[in-house]
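Enquirer: Here you go, one structure.
The values are calculated or read from the model by the stated rules, or taken from the named source; none is laboratory data. Quick caveat, the model's predicted, so the values are computed rather than measured. Note that each Cβ is placed from the backbone with ideal geometry, even for glycine, and that neighbours are counted across all protein chains shown.
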Amino acid sequence: MKKVLFLFMSALAAVAIASQDLSTISVASDEWADCTQKDGTGLYFDVIRLVYANQGAKLDIKITPFARSIDMVENGKVDMNVGDYQGDVANGIYPKFPIDYDDLTVMMPAAQKGQFKGEASLKDRKVAWIVDYGYDKYLGVPVKLTEISDRASGIKMLQSGRIDYYIETKSTIVPALEEMGISEKDFALVTLKWIKLYVCFAKSDKGSKLQAIWDKRIPDLIKSGELAKLFSKWGFDDSYAKLAKEL
């Protein structure tokens, strides 16, 4: 009888520990307008909350530069980070399903748009993007790269003629222009391609659990239409159309 009681109590303890393990999920991310905002709002945070809603999980959000978020997940300081391309995180667990698709968008002075011939126009030109974004992996031509710490610096460099092009996503460039009081009409934004964007989990038992739940829930949420509603709420219908094709 004592052995049965011991096994029963051990099973209850294991369930309790597993439940507590997922009660709080620590998430590291850079700040991206409408996606991962300092106040804890944004599409990606909403998606993560929805994925783990059945676990009753609360998010412990840490807004930090992108390169730092990678270091934090690789060293187990957080359970997951947001905004990775395949290969960005060397020591982590990638899920099967991405969280979104990123547009790789080239920004240039409006007067140059007529001469821009796509990716070929970037060859051997002065280009800038944020440190560790790794866009060179997705370009088929060499560029003279300057890595910068923030997008405002890149926009100012473009204005002053110190670079020929600035590369990021349209959804981050446009809010930055607004914040800086600069008219979008002064620039041309051309999207070259779309890239799968992932969350990545720490290499741990908890990270493995979170990844398994993610890859089960994302298809369910696409099929139910719940994910489509979130993407529409935040104005990301174009990228959702690509995400929905993952099924």
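Enquirer: So, residue 128, is that one surrounded by fewer than 16 Cβ atoms within 10 Å (Cβ to Cβ) and among the aliphatic types (A, V, I, L, M) or not?
Expert: On the way: surrounded by fewer than 16 Cβ atoms within 10 Å (Cβ to Cβ): no; among the aliphatic types (A, V, I, L, M): yes.
No.
Enquirer: Here is a follow-up. Listed residues 212, 228; which is out of contact with any helix residue (DSSP H, G or I) (no Cβ under 9 Å at 6 or more places or on another chain) and aliphatic (A, V, I, L, M)? Walk me through it before giving the result.
Expert: Numbers: 228 fails: out of contact with any helix residue (DSSP H, G or I) (no Cβ under 9 Å at 6 or more places or on another chain).
Being out of contact with any helix residue (DSSP H, G or I) (no Cβ under 9 Å at 6 or more places or on another chain) and aliphatic (A, V, I, L, M) holds for just one of 212, 228, which is 212.
Enquirer: Here's a follow-up. Can you tell me which residues in segment 27-77 are among the polar types (S, T, N, Q) and under 19 Å from residue 88 (Cβ atoms)?
Expert: 29, 36, 64, 69, 75
Enquirer: Here's something else I'd like to know. Does residue 113 satisfy the condition of being in contact (Cβ under 8 Å) with a residue 60 or more places away in the chain, within 24 Å of residue 36 (Cα to Cα) and either in a strand (DSSP E or B) or not assigned by TED's automatic domain parsing to the domain that holds residue 25 (or both)?
Expert: The answer is no for residue 113.
Enquirer: Hey, among the residues in segment 146-186 that are in a loop (DSSP other than H, G, I, E, B) and of a type in the set (A, V, I, L, M, F, W, C), which one's surrounded by the fewest Cβ atoms within 10 Å (Cβ to Cβ)?
Expert: 182
Enquirer: Now, a different point. Can you find a residue in segment 131-145 that is of a type in the set (Val, Ile, Thr) and at pLDDT below 95?
Expert: The answer is yes, given that some residue of segment 131-145 is of a type in the set (Val, Ile, Thr) and at pLDDT below 95.
Enquirer: With respect to residue 97, is the statement that it is over 21 Å from residue 245 (Cβ atoms) and not basic (Lys, Arg) true?
Expert: no
Enquirer: Select, from 230, 189, the only residue that is surrounded by 15 or more Cβ atoms within 10 Å (Cβ to Cβ), under 30 Å from residue 127 (Cβ atoms) and modelled with pLDDT of 95 or more.
Expert: 189
Enquirer: What are the pairs with Cβ atoms under 9 angstrom where one residue, in segment 154-174, is without any contact (Cβ under 8 Å) to a residue 60 or more places away in the chain and the other, located anywhere, is part of a helix (DSSP H, G or I) and among the hydroxyl-bearing types (Ser, Thr, Tyr)? Sequence gap at least six, or different chains.
Expert: Pairs found: 164/121; 165/121.
Enquirer: Would you kindly identify the strands (runs of 3 or more DSSP E) lying entirely within segment 1-92 that contain at least 3 residues that are at pLDDT below 95?
Expert: Strands (runs of 3 or more DSSP E) meeting the threshold: none at all.
Enquirer: Further question: Quick check on my filter: what residues within segment 93-110 are assigned to a loop (DSSP other than H, G, I, E, B) and out of contact with any Leu (no Cβ under 9 Å at 6 or more places or on another chain)? So that I can check it myself, show each step before the final result.
Expert: The first filter runs over segment 93-110 and keeps only residues assigned to a loop (DSSP other than H, G, I, E, B), leaving 94-99.
If the condition is that a residue be assigned to a loop (DSSP other than H, G, I, E, B) and out of contact with any Leu (no Cβ under 9 Å at 6 or more places or on another chain), then 94, 96 are the ones that fit.
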